[in-house]
Amino acid sequence: MILLLRMESDQFRALLATAVDALEHKFKVVTNGLDTLTDTHRASQAAEQLLRKRSRNFGPPPPELRRRPLARRANAQPHRPPVPSAGRKAAGAG
């Protein structure tokens with residue numbers, strides 16, 4: 001803080017020009033080293049943290065943003081059990 005008070009206005013403006021806003025900073029922190037294709041759990045956590053940060057700064061996200069994850073889950077393919085191997089008969093077959 002004292003360093004800022006000792007700066008001249010031009011120096012302060014130059015420093016301010018390089019600053020990132022809070023949401024961009026949060027994005028950089030939570031996605032640092034994140035591979036969204038292989039680490040889907042961490043990607044989901046990062047998205048939740050960003051939405052939480054956004055809601056603190058700007059109010060709750062629009063209903064459309066809240067519906068997207070629910071729609072994705074509803075449209076997701078159900079988990080299917082593994083297909084039995086060719087050497088074994090399926091239950092009820094034969």
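Scanning the stretch 26-50 for residues that are out of contact with any helix residue (DSSP H, G or I) (no Cβ under 7 Å at 6 or more places or on another chain) and either at pLDDT below 85 or among the polar types (S, T, N, Q) (or both) gives Asn32, Thr38, Thr40, Ser44, Gln45. If you go through the stretch 1-27 and keep only what is under 21 Å from Ser55 (Cβ atoms) and exposed (fewer than 10 other Cβ atoms within 10 Å of the Cβ), you end up with just Asp21.
The values are calculated or read from the model by the stated rules, or taken from the named source; none is laboratory data. No experiment lies behind these values; they were computed from the predicted model shown. So basically every Cβ, Gly included, is an ideal-geometry build from the backbone, and we count neighbours across all protein chains shown.
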